[in-house]
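Have a look at the structure below, then the notes.
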Amino acid sequence: MAVNLLKGQKISLNKGNPNLKNIDVTLGWRLDSRTGEPLPDLDVSVFLLTATGKVGGPKDFVFYGNLMHPSGAVVLSNNTSRNYNDYNVRVKVDLGIIPASIMRVAFTVTIYEAELRKQSFAQVNDAFIRISEEQSNNEILRYNITDRFSAESAVVFGEIYRNNDEWKFNAMGNGYTGSLAALCGNYGVEVG
């Protein structure tokens, strides 16, 4: 049975399932088309972080221009499922082969060219992140982001992290201005 989390809650992914290896991380949202303004174009990015809280190098940044980490541990689907204005993006994660140097994996969503288009997460509703066991498709957890954002153009939905010999999940929902460039700066990815 899936656990519904609140912002800031942390949960073990391995408790009750010590052999958990392959998971699907789904990030979803609904776009608000009632304003009559153009809908924002959202992108999912994943940052694989060392103990410093930064990427070890550009290979640890998985996004639309680099869909798979070299280890094969994180694979971003380039197929966004869409039902009217509801969107879901899947990330496959193999916990068993994440390099030992990686301590955290952050799952983020940003608005493409947000500043140029004057768009923000104010147009985004019903955002969520959920984790399911890949083989059975049984949902382990779900975090519905209930914060209302006004100026933010990037949100860290959540992260999985190592804690001794287990993987845990942190429900975050932290918003940033500056879109993808701000997150890249925060996580040590050089953009040019």
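Which residues, counting only those in the stretch 4-18, are over 17 Å from the mean Cα position of the chain (by Cα) and farther than 15 Å from R162 by Cα?
From the stretch 4-18, those over 17 Å from the mean Cα position of the chain (by Cα) are 12, 14-18; that's our starting set.
Correct list: G16, N17.
Just checking, which of R82, R30, R34 is charged (D, E, K, R), buried (at least 16 other Cβ atoms within 10 Å of the Cβ) and modelled with pLDDT under 95?
None of the others qualify; the one that does is R30.
Which pairs have Cβ atoms under 7 Å, sit 6 or more apart or on different chains, and link a residue in the stretch 44-70 that is within 15 Å of Y161 (Cα to Cα) to one that is of a type in the set (D, E, K, R)?
From the stretch 44-70, the pairs are F47/D60; L48/D60; L49/R104.
If I filter the stretch 15-31 for residues that are polar (S, T, N, Q) and touching a Leu at 6+ places or on another chain (Cβ under 7 Å), do I get at least one hit?
Just the residues of the stretch 15-31 that are polar (S, T, N, Q), to begin with: 17, 19, 22, 26.
Retained after the next criterion (residues that are touching a Leu at 6+ places or on another chain (Cβ under 7 Å)): none.
No, the stretch 15-31 contains no residue that is polar (S, T, N, Q) and touching a Leu at 6+ places or on another chain (Cβ under 7 Å).
Could you grab me the full set of residues in the stretch 142-176 that are out of contact with any Lys or Arg (no Cβ under 8 Å at 6 or more places or on another chain) and closer than 20 Å to V62 by Cα?
Initially, the stretch 142-176 is screened for residues out of contact with any Lys or Arg (no Cβ under 8 Å at 6 or more places or on another chain), giving 144, 148-158, 163-165, 167, 174-176.
Passing the criteria: S153, A154, V155, V156, F157, G158, W167, N174, G175, Y176.
Restricting attention to the stretch 149-174, which residues are more than 16 Å from the chain's Cα centre (by Cα) and under 21 Å from D43 (Cβ atoms)?
Those that are more than 16 Å from the chain's Cα centre (by Cα) and under 21 Å from D43 (Cβ atoms): F149, S150, A151.
For the stretch 110-133, give me each residue that is surrounded by 20 or more Cβ atoms within 10 Å (Cβ to Cβ) and within 20 Å of G8 (Cα to Cα).
To start, the set of residues in the stretch 110-133 that are surrounded by 20 or more Cβ atoms within 10 Å (Cβ to Cβ) comprises 110-111, 114, 119-121, 123-124, 127, 129-131.
Scanning the stretch 110-133 gives F121, A127, I129, R130, I131.
I'd like to verify a number: residues in the stretch 51-62 that are under 17 Å from F107 (Cβ atoms) and not in a strand (DSSP E or B), how many? Give the steps one after another, and end with the answer.
Our first condition is that a residue be under 17 Å from F107 (Cβ atoms); within the stretch 51-62, this holds for 53-55, 60-62.
After this cut, where a residue has to be not in a strand (DSSP E or B) as well, the list is 53-54, 60.
Looking only at that region, the number is 3.
The values are calculated or read from the model by the stated rules, or taken from the named source; none is laboratory data. Computed from a predicted model, the values in this text were never measured in an experiment. Counting neighbours? That spans all protein chains shown, and the Cβs are built from the backbone with ideal geometry, glycine included.
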